[in-house]
1. On the given criteria, is Arg44 basic (Lys, Arg) and in contact with a helix residue (DSSP H, G or I) (Cβ under 6 Å, 6 or more places away or on another chain)?
2. For segment 18-50, give me each residue that is at negative phi and within 20 Å of the chain's Cα centre (by Cα).
3. Of the residues Leu53, Leu142, Leu97, Leu129, only one is closer than 26 Å to Gln162 by Cβ and in contact with a strand residue (DSSP E or B) (Cβ under 6 Å, 6 or more places away or on another chain); which?
4. Are there any pairs with C-beta distances below 6 angstrom linking a residue in segment 221-239 that is in a loop (DSSP other than H, G, I, E, B) to a residue that is modelled with pLDDT under 90 and hydroxyl-bearing (Ser, Thr, Tyr), with the two at least 6 apart or on different chains, and if so which?
5. Hey, can you tell me all the residues within segment 24-82 that are closer than 26 Å to Asn195 by Cα and of a type in the set (Ser, Thr, Tyr)?
6. Give the residues of segment 152-175 that are over 23 Å from Val189 (Cβ atoms) and either crowded, with 19+ Cβ neighbours inside 10 Å or in contact (Cβ under 8 Å) with a residue 40 or more places away in the chain (or both), sorted by residue number.
7. Looking at Thr39, Thr15 in this structure, which one is in contact with a Ser or Thr (Cβ under 9 Å, 6 or more places away or on another chain) and either in a loop (DSSP other than H, G, I, E, B) or not assigned by TED's automatic domain parsing to the domain that holds His236 (or both)?
8. Restricting to segment 72-83, name every residue that is touching a strand residue (DSSP E or B) at 6+ places or on another chain (Cβ under 8 Å) and touching a residue at least 60 places away in the same chain (Cβ under 8 Å).
Amino acid sequence: MGRYLSVDMGSTSTTALVLDTERARVEAFRSLPNERETTTAADRTRGRSEWDLAGMVEDAVALCRRLLQAVPGGQIDGIGVTGQQQGCQLLDRSGALFGPLISWQDRRADEPTDVGGDGRSCLEEIAELGEAERFAEGMPRLPRTGTPLHPKHAAAQLFWLQSHDSLPAHASTSSVPDYLVHRLTDEAVAVEPTNAQGWGVYDVYARGWALDLMSNLGLPQSLLPPLTAAATVAGHLTAAIAERLGLPAGMKLPF
């Protein structure tokens, strides 16, 4: 029980609120539109959706600072991060951002892939390589993932990048909320199960990455961040971010 700062990074807006869990009430609330899209007009007509994740993080921190200035007393017991944005952000070997965030609205995986040269889309290639099953008139589903094939999934986007020779060696990947946690704590990027499930290669039965599926798709396992349990402490607020927010360093951030 206590008073918690919650941050949600969405495609339309970033929202933050302070929740008093003892009194079950929201004490303060702020939201701002997400204006960090970098997709060109030409690329938008091709179904692309690309964003500046570093700018989105900066906006989230600035929003939290303004919110906390409006909270009487300013005491916060912890910070929670949420976000339903599927898609992927490539990171280089040092963990720095590599290229734009490819968001869940991106449709490039519907395009033909160069693999095989038969004009089939990336999703069709993934369905064959991953031995997907079709139920009634629904979309094909990869075994054990619990999700239908969709271009919004990180695995589909990574497959497109690889088939177009756009996947750098030694790259790793992050989702939006997990990258925000990384920036707030300076801990290595990790992903918790509810976020991992949206990648399209999470085994919901074994509760781990579907490594055989990754292998069948020809995608390096090194692309996948480590998994962590939900409802655990992801890390602690860095001194630099704490100073910007007016909070004590070391505050816990739960997954």
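The values are calculated or read from the model by the stated rules, or taken from the named source; none is laboratory data. Keep in mind that this is a model prediction, so the values were computed, not measured. Ideal geometry is used to build each Cβ from the backbone, glycine not excepted, and the neighbour counts take in all protein chains shown.
1. Values: basic (Lys, Arg): yes; in contact with a helix residue (DSSP H, G or I) (Cβ under 6 Å, 6 or more places away or on another chain): no.
Taking the combined requirement at face value, the residue does not satisfy it.
2. Ser31, Leu32, Pro33, Asn34, Glu35, Arg36, Glu37, Thr38, Thr39, Arg48, Ser49, Glu50
3. Leu53
4. Qualifying pairs under 6 Å: none.
5. Ser31, Thr38, Thr39, Ser49, Thr82
6. The initial filter retains those residues of segment 152-175 that are over 23 Å from Val189 (Cβ atoms), namely 163-165.
Result: Ser163, His164.
7. Details: Thr15 fails: either in a loop (DSSP other than H, G, I, E, B) or not assigned by TED's automatic domain parsing to the domain that holds His236 (or both).
Every option except Thr39 fails the conditions.
8. Step one: list which residues in segment 72-83 are touching a strand residue (DSSP E or B) at 6+ places or on another chain (Cβ under 8 Å), which gives 72, 75-83.
Gln75, Ile76, Asp77, Gly78, Ile79, Gly80, Val81, Thr82, Gly83, listed by residue number.
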